[in-house]
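Colleague: Structure below; questions to follow.
The values are calculated or read from the model by the stated rules, or taken from the named source; none is laboratory data. This structure is a prediction, so every number in the text was calculated from the model and none was measured. So basically every Cβ, Gly included, is an ideal-geometry build from the backbone, and we count neighbours across all protein chains shown.
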Amino acid sequence: MVHGAEPPVTLDLERLDRIRKLLGRRPRSFDELLGLFISEAYERVRQVGEALGKGDPDAAATLAHGLRGSSSAFGAVRLAGLCQEFEQVGQARGLAGVREAFPALEAELAAVSCELKSTLG
């Protein structure tokens, strides 16, 4: 994120509405798809933490890159931005940098999960 810029919202609700419309009259499919996204995102973040624990910032960056793509597709724009920053920090500062940036990924994923649950109602 550019310092001084307004941080993006946690969820892009218009993007979620586009997904919902693509699925048509199958609201259960939409809920299942979002549930799958959240469970996969948590697994990716767990794997990032595991890679950091093993001292492998390259593997952590690769996992964050994958999370960035799925987060963007599902409208988790702030999480996608944090994943991009995570990758950049890894390139610039190595293991110490990504270890420092990791808690923000965990916290934002929790915020996305909470907001999605409230959106699904």
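Colleague: What residue, among those in the stretch 38-73 that are closer than 14 Å to Ala111 by Cα and not polar (S, T, N, Q), is nearest to the chain's Cα centre (by Cα)?
Modeller: Ala41
Colleague: Would you mind telling me which numbered condition in (1) surrounded by 19 or more Cβ atoms within 10 Å (Cβ to Cβ); (2) over 23 Å from Pro8 (Cβ atoms); (3) at pLDDT 95 or above Gly49 fails?
Modeller: It is condition (1) that Gly49 fails.
Every residue, every condition in (1) modelled with pLDDT of 95 or more; (2) crowded, with 19+ Cβ neighbours inside 10 Å; (3) at positive phi, yes or no:
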{"position": "Gly75", "(1), (2), (3)": "no, yes, yes"}
{"position": "Arg93", "(1), (2), (3)": "no, no, no"}
{"position": "Gly97", "(1), (2), (3)": "no, no, no"}
{"position": "Glu108", "(1), (2), (3)": "yes, yes, no"}
{"position": "Ala111", "(1), (2), (3)": "yes, no, no"}
{"position": "Gly121", "(1), (2), (3)": "no, no, yes"}
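Colleague: Let me ask something additional. Look through Glu50, Glu115, Glu100, Glu43 and report the one residue that is out of contact with any helix residue (DSSP H, G or I) (no Cβ under 7 Å at 6 or more places or on another chain), within 21 Å of Leu23 (Cβ to Cβ) and among the acidic types (Asp, Glu). Talk me through it step by step, then tell me what you get.
Modeller: Numbers: Glu50 fails: within 21 Å of Leu23 (Cβ to Cβ); Glu100 fails: within 21 Å of Leu23 (Cβ to Cβ); Glu43 fails: within 21 Å of Leu23 (Cβ to Cβ).
Unique residue meeting the criteria: Glu115.
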